[in-house]
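Structure record follows, encoded as structure tokens.
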Amino acid sequence: MVTTLSADRLAELVDEDGSFTLVDTRPEDSYEAWRVPGAVHFPFGPEEELDDRLEEFEDAVGDADRVITICAKGISSATWRP
């Protein structure tokens, strides 16, 4: 299931829950400039197909039951579909 979260709701989840893997899909320079602590970096552009990188993505998130993806504008994280 894909659900859109606000930044405020994500902050609440980080503070209260933490039972998820957070994946930051922004480019390297954006990730290096600032990031949510504990986020896994997996650069992924809106023009890419995850099918081409699925094994790499699965290696990045491990056996997580819940994955939340974030990006700067909601474009690259929104294009990911399991």
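The values are calculated or read from the model by the stated rules, or taken from the named source; none is laboratory data. Predicted model only: the values in this text are computed from it and were never measured. Cβ sites come from the backbone with ideal geometry, for glycine too, and all protein chains shown count toward neighbours. With ligands, DNA and RNA removed, areas are computed over all heavy atoms of the protein, side chains included. Shrake-Rupley method; radii C 1.70, N 1.55, O 1.52, S 1.80 Å.
Things worth noting here:
- Debye log10 I(q)/I(0) at q = 0.24, 0.27, 0.32 Å⁻¹ for segment 11-52, Cα point scatterers: -0.87, -0.96, -1.09
- With all protein chains in place and a 1.4 Å probe, the accessible surface of the chain carries 48 percent carbon and sulfur.
- Answer label for log10 I(q)/I(0) by the Debye sum over Cα atoms at q = 0.13, 0.22, 0.26 Å⁻¹ (calculated), chosen among (1) -0.33, -1.03, -1.51; (2) -0.75, -1.10, -1.19; (3) -0.37, -1.16, -1.61: (3)
- Separation of the residue 60 and residue 11 label points, Cα + 7 Å toward Cβ, nm: 2.5 nm
- Each residue, residue 32 and residue 2, gets one label point 7 Å from its Cα in the Cβ direction; the gap between the two is 3.0 nm.
- For the pair residue 47 and residue 20, a Förster radius of 25 Å applied to the C-beta separation gives a FRET efficiency near 0.40, rounded to the nearest 0.05.
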